[in-house]
Structure formats: C-alpha cells, structure tokens
Amino acid sequence: MYTQAMDLDRSATPADATFTSEEQAFNARIARDEKIEPNDWMPESYRSTLIRQISQHAHSEVVGMLPEGGWITRAPSLKRKEILLAKVQDEGGHGLYLYAAAETLGVCRAELIDALHSGRAKYSSIFNYPTLTWADIGMIGWLVDGAAIMNQVPLCRCSYGPYARAMIRICKEESFHQRQGFDIVHTLVRGTPEQRRMAQESLERWWWPTLMMFGPHDKDSTHTAQATAWGIKRITNDDLRQKFVDVTVPQAEYLGLEIPDPELRWNPERGHYDFGPIPWDEFWRVVKGDGPCNKERMAARIQAFEEGRWVREAAAAHAAKARARAAAASVASEEAAA
Ligand code: 3HC
C-alpha cells in the first residue's frame, strides 16, 4: 500500500563545463543512480544537506518517543503495553542508526545533540502535539507512522548509501508501527459509543498536523529542488502528501470515521482526492518553537541527556581501559615473540 514508483528523470542532470571534473564525475554517478559512500568525493553542499536532513530525522525519532512513552504505564492491557514498549524502543533504535549514518559524513553525535538541545536544529513538528487519550496512540500509529512510511520508503533508494541502508530496516519497523496503530483505532471504533467518539475526536486533532509533517508546499520548500536533483528526495512534499491522503481516506471510510475537512472529495479528473487548505501559520509557529508541547519536549530530552551522563562517562572509561589493556597485551606478545 505504501510502496511507490521511484524512478527519477535524470535527463536534466547538469554535466556542463562550469563544473570541475570531480563535480562532473559526481553528477554522472548520481545520473547512473549509483550510491555515494562516505569516502567518496561529494560537494560540500551535498554533505551539509544530508547532515541537516539525517540529523533532523534522528532528532525526530528520539523526540518522537516522548508522546507515546507517557502511555506505556497507562496502556489498557498487558498486550498493548508490550507492543507500545517495543515500538518506543524501536524509535530509539531508529535514532541510533540515523545518528550513526550522519556521523559517516564527518560530524560527531555530541555536536548534533547540542544543536537539538540549544534549539538550532529542527525536528518533526508532529511531536509537539500532546497525547491526551489512548486513541491518540492509535492515531500516531495509523496516521503519523503511516505518513512517516510514505515519506521514508523513497529514502530507501536515496543516493547516499548509509542513509538508504538505514532506512530499509526503519521502514520495515514503521510498517509494523502503522499496523498496530490501525489495530488500536479499529478496536476503538468497534467498541462502545464513547470509544468511537474518542477515536473521532482524536482524528480531528491529528489530521491537519499529520498533513503538515510532509513539509511546506513544493513552491515554498527551500530544499526540494536540489535534494531531488541529487537523488536524496525522490518524491516532493506535495506529491507524498497527496499519496498519503489518497490511501488514508478509504481507510477512514472503512473505520467509519469522518476526516475533519469539508472540502475533501474525490476528483475523478485528477484521479486524486482534493482537500482543503493546510493551516500553515500553525505549522510555522510549531516549527519555530511555539507549539503546544515544544518546551516540554526539549526539557524532557535535556533532562534525560543529563541524567544519562554518568552512564556515557562510565561506558567511555570502560572502553578506554579495555583499549589500554589490549594495547599492553599486544606489546607483551610482540616482546615475547622477539
Ligand atoms: N517539521 C519541522 N520542520 C520541517 C517540517 C516538519 N514537518 N517539514 C519541513 N520542515 C523544515 C525543513 O527542515 C526546512 O528547514 P531548514 O531549512 O531549517 O532545515 C524547512 O522546513 C523547509 O522545508 P523543506 O521542504 O525545504 O525541507 P526538506 O527538503 O528537508 O523536507 C522533510 C522536509 C520532508 C521532512 C525531509 O527533510 C525529509 O524527508 N526528512 C526525512 C524524514 C523525516 O525527518 N521525518 C520526520 C518524521 S520521523 C518520524 O515520524 C518518526 C516515526 O517513528 C514516527
């Protein structure tokens, strides 16, 4: 359902004489759809674009643990608790693969985390909304993870090897996350009238913020054109958003839930659903730090980072001792052999 056609039109890839020979070779590799690996030559702007996008993505995964983490102790059954625990743990793992992929570009994780904590780095707007009811956990899985997969499946074929490979496993796990969310919502809509109302009320709060996750319209997107030319982005923000709406509307109909958009209707000429205007003022307010939970999310991350400091220090001291012991043992064995 979330699989997509991703062949790029490379006919416009520039190879003219204004490029250095290194740039021409790089552009030719991109045009042949080859993967770029960490030790390969790459333009500095390609490197910095990747560091920005991959680290924002990593931050989103880690901050994304917070809205759901608070529900682990309140999940309505042991089975739901186990599933949610595994899901939140998966998000932490995704953050880890992505920080590691960013580090292959020559930045260190401490710098990236410092940029997050000091407010210089962005993370996904969606995680600045509160989870008020259990239905919100279903909505995050069904809608937010559904949108995440739609955006992330094309990244499995992005031009930078370590990012593309990290995304393959992440997408497999996201697919499980989406299904567990749909299952929660499906259970609620077959429950009591109060549970159905809870699901409908939650959909009304999460629908528009989910559409915002795909980023600004293509005409207002700073990075789409260049990122697409480099094969980092394969499908634009607007096209991914449209695909998401097209697959999600029939799912909402099946669930008997009403999407809160009076302008939503099938357009037979376009072969897509038309939908109403996205509240971009709200999106930019949230991105700039003034969403319902921005301050709470950052405070929780900084507290977790400070409380984990002694663990990182102990692990680093242990690793340094192990290295020193291994070095001493190798000197001793060389002396014995001499
Ligand atoms: N939230 C916060 N900032 C956003 C945003 C969003 N939803 N969408 C766009 N922006 C920011 C961009 O980062 C950029 O800011 P910058 O120039 O300061 O970095 C600015 O708005 C302009 O947007 P662009 O369209 O030009 O930016 P991109 O080309 O980077 O496109 C993107 C944005 C589509 C999010 C792209 O970066 C991307 O595909 N990233 C990888 C996937 C990702 O990060 N997903 C986040 C969610 S992860 C998740 O949901 C976890 C799951 O477990 C639930």
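Could you count how many residues in the range 226-279 are among the hydrophobic types (A, V, I, L, M, F, W, C), more than 20 Å from the chain's Cα centre (by Cα) and closer than 27 Å to L155 by Cα?
Counting residues in the range 226-279 that are among the hydrophobic types (A, V, I, L, M, F, W, C), more than 20 Å from the chain's Cα centre (by Cα) and closer than 27 Å to L155 by Cα gives 5.
In the range 215-232, what residues are more than 19 Å from R285 (Cα to Cα) and near the ligand (Cβ under 6 Å from one of its atoms)?
H223, T224, A227
What are the residues in the range 73-105 that are under 21 Å from the mean Cα position of the chain (by Cα) and within 15 Å of T133 (Cα to Cα), if any?
Residue satisfying the conditions is L84 alone.
In this structure, does A31 turn out to be hydrophobic (A, V, I, L, M, F, W, C), modelled with pLDDT of 95 or more and more than 25 Å from the chain's Cα centre (by Cα)?
Yes.
Would you say R157 is open to solvent by 20 Å² or more (accessible area, probe 1.4 Å) and in contact with a Lys or Arg (Cβ under 7 Å, 6 or more places away or on another chain)?
Spelling it out, R157 is indeed open to solvent by 20 Å² or more (accessible area, probe 1.4 Å) and in contact with a Lys or Arg (Cβ under 7 Å, 6 or more places away or on another chain).
So, in the range 29-41, how many residues would count as being open to solvent by less than 20 Å² (accessible area, probe 1.4 Å) and part of a helix (DSSP H, G or I)?
1
Within the range 120-160, how many residues turn out to be assigned to a helix (DSSP H, G or I) and either touching a residue at least 24 places away in the same chain (Cβ under 8 Å) or over 16 Å from the mean Cα position of the chain (by Cα) (or both)?
Here the count works out to 25.
Take the residues in the range 106-133 that are aliphatic (A, V, I, L, M) and over 20 Å from P162 (Cα atoms); name whichever of them is nearest to the ligand (Cβ to nearest atom).
Applying the filter and picking the extreme gives I126.
Within the range 283-301, how many residues are within 15 Å of E61 (Cα to Cα) and away from the ligand (no atom under 16 Å from the Cβ)?
Count: 1.
Quick one: would you say E44 is charged (D, E, K, R) and open to solvent by 50 Å² or more (accessible area, probe 1.4 Å)?
Judged against the criteria, E44 is a match.
Could you list, in sequence order, the residues of the range 48-79 that are open to solvent by 20 Å² or more (accessible area, probe 1.4 Å), more than 19 Å from Q152 (Cα to Cα) and either more than 13 Å from the ligand (Cβ to nearest atom) or touching a residue at least 40 places away in the same chain (Cβ under 8 Å) (or both)?
L66, G70, W71, I72, T73, R74, P76, S77, L78, K79
Residue by residue through the range 160-191, note down the ones that are open to solvent by 20 Å² or more (accessible area, probe 1.4 Å) and within 9 Å of the ligand (Cβ to nearest atom).
Across the range 160-191, the qualifying residue is only E173.
For residues that are closer than 10 Å to P209 by Cα and of a type in the set (F, W, Y), tally how many sit in the range 281-292.
1
Working only within the range 94-105, note down all residues that are touching a residue at least 60 places away in the same chain (Cβ under 8 Å) and either within 11 Å of the ligand (Cβ to nearest atom) or in a helix (DSSP H, G or I) (or both).
If the condition is that a residue be touching a residue at least 60 places away in the same chain (Cβ under 8 Å) and either within 11 Å of the ligand (Cβ to nearest atom) or in a helix (DSSP H, G or I) (or both), then H94, Y97, L98, A100, A101 are the ones that fit.
Would you mind finding the one in E91, E82, E111 that is part of a helix (DSSP H, G or I) and either in contact with a Ser or Thr (Cβ under 7 Å, 6 or more places away or on another chain) or open to solvent by less than 40 Å² (accessible area, probe 1.4 Å) (or both)?
Matching residue, one of E91, E82, E111: E91.
The values are calculated or read from the model by the stated rules, or taken from the named source; none is laboratory data. Computed from a prediction, not measured in an experiment: that's the story for all the values here. Quick reminder, even Gly has a Cβ in these numbers, built from the backbone with ideal geometry, and neighbours come from all protein chains shown. These area figures cover heavy atoms from the full protein model, side chains too; ligands, DNA and RNA do not enter into them. Shrake-Rupley method; radii C 1.70, N 1.55, O 1.52, S 1.80 Å.
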